[in-house]
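Trainee: Quick one: the structure is below, questions incoming.
The values are calculated or read from the model by the stated rules, or taken from the named source; none is laboratory data. The model shown is predicted, which means the values in this text are computed figures rather than measured ones. Every residue, glycine as well, gets a Cβ built from its backbone with ideal geometry; the counts of neighbours run over all protein chains shown. Just the protein is used for accessible areas: all its heavy atoms, side chains included, with ligands, DNA and RNA removed. Shrake-Rupley method; radii C 1.70, N 1.55, O 1.52, S 1.80 Å.
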Amino acid sequence: VGDRGFVRTEQLIDAGVELFGERGYAATSIRSVLQQSGLRDRYFGESFADLDSLLAAVYSRLIDEEISGCAAAIDKTNGGSEGARAMIDTITRSFEKNPGKARIKSREVLSGGPVAREQRHAGLRRLAELVADLLPPSAALNRSDVLLLGLSIVAAADELLGRHIRGRAHHRT
C-alpha cells in the first residue's frame, strides 16, 4: 500500500475514533467516515473491507495505547499489587480524560461484527498477559492457569467499566 496508503489508513482510523466515540458505531456510516477524514470513496476500500474492520482497527489502536501506557506505569513500580494499582490508575485516568475512547473500548466494540469482536478478544488477552505478569508466582498454577486468572480479572474489570460508561450515558438522556 505504501506510505500514502498508510497515512490514509491512519486518517480513516482517526475519523473512526472521532465518530465512533461521539456518535457510536450504529450511527456512523462509511460516508461519514470519509467526510470526517476528507478522503475519497475509493480509499476506504483500499484500507478496510467494511465498517466492522474499521472498528476493529480503531479498537486495536486504542488497546495498543492502553497497553503501552499501562506497561510504562507498571515499569515505574516494583510490580505486584503496586503494578496492578498503577495499571488501574492508568486505565481509569484514560477513561476519564477520553470519554469517547472509553465508549469505543467498553461499548461500541460490542456493537460491531465478528472482526471487531475478535479484535476485542485479542485485546483482552493482551491486557490479561500484563495482569498475569503482576500475579505472584504460584507452585499450584501453571502459566495457562495464570493467564486464565489474568483474563478473568481483565474481563471483570472490562464489564465494570462498561457498566459505568453505559450508566453515565443512560443518565444523560
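Trainee: Over the chain, with the other protein chains present, what is the accessible area per residue in square angstrom, probe 1.4 angstrom? Present the calculation step by step, with values, prior to reporting the outcome.
Mentor: Numbers: 9770 Å² over 173 residues.
The answer is 56 Å² per residue.
Trainee: How far apart, in nm, are the 7 Å Cα→Cβ label points at Ala71 and Ala27?
Mentor: 3.5
Trainee: Measuring from label point to label point, each 7 Å out along Cα→Cβ, what is the Arg40 to Asn78 span in nm?
Mentor: A separation of 6.1 nm, rounded to one decimal place.
Trainee: As a test of the definition: which semi-axes, in Å, follow for the chain when you take the square root of five times each eigenvalue of its alpha carbon gyration tensor? Largest first, please. Mind showing how you got there, number by number?
Mentor: Working: eigenvalues 199, 65, 42 Å².
Equivalent ellipsoid semi-axes, largest first: 32, 18, 14 Å.
Trainee: Moving on. Based on the Cβ-Cβ distance from Ala49 to Ala122, what FRET efficiency comes out when R0 is 22 Å, to the nearest 0.05? Present the calculation step by step, with values, prior to reporting the outcome.
Mentor: Details: r = 17 Å, r/R0 = 0.79.
Here the calculated transfer efficiency is 0.80.
Trainee: Now for a separate question. Say each of Leu148 and His164 gets a label point 7 Å from the Cα, pointing the same way as Cα to Cβ; how far apart are those two points in nm?
Mentor: The two pseudo-label positions are separated by 2.8 nm.
Trainee: Something else about it: Please work out how much length the chain gains when fully extended from Ala155 to Val7, using 0.36 nm per residue of separation minus the C-alpha to C-alpha distance, in nm with one decimal. Please report the intermediate quantities before stating the final value.
Mentor: Numbers: separation 148, 0.36 × 148 = 53.28 nm, distance 3.31 nm.
Residue separation times 0.36 nm, minus the Cα-Cα distance, leaves 50.0 nm.
Trainee: Additional query: Using a Gaussian network for the chain with springs between C-alpha atoms less than 10 Å apart, which of these wobbles most: Ala57, Ala128, Ala156?
Mentor: In the Gaussian network model the winner is Ala156.
Trainee: Right, here's the next one. Going by the alpha-carbon gyration tensor, a ≥ b ≥ c the square roots of its eigenvalues, is the stretch 13-111 rounded (a/c under 1.5) or, if a/c is not under 1.5, prolate (a/b greater than b/c) versus oblate? Mind dumping the intermediate values first?
Mentor: Values: a/c = 3.14, a/b = 2.42, b/c = 1.30.
Prolate, since a/c reaches 1.5 and a/b exceeds b/c.
Trainee: Further question on the same structure: If one computes the Cα centroid of the stretch 35-88 and of the stretch 100-169, what distance in Å separates the two points?
Mentor: So the two Cα centres are separated by 13 Å.
Trainee: Right, another one. For the chain, with all protein chains present and a 1.4 Å probe, just round the carbon and sulfur fraction of the accessible area to a whole percent. Numbers along the way, then the final one.
Mentor: Numbers: 5220 of 9770 Å².
Carbon-and-sulfur percentage of accessible area, whole number: 53.
Trainee: Which of Gly123, Gly162, Gly45 moves most in a GNM of the chain, Cα contacts under 10 Å?
Mentor: Evaluated over the chain, the most mobile residue of the options is Gly45.
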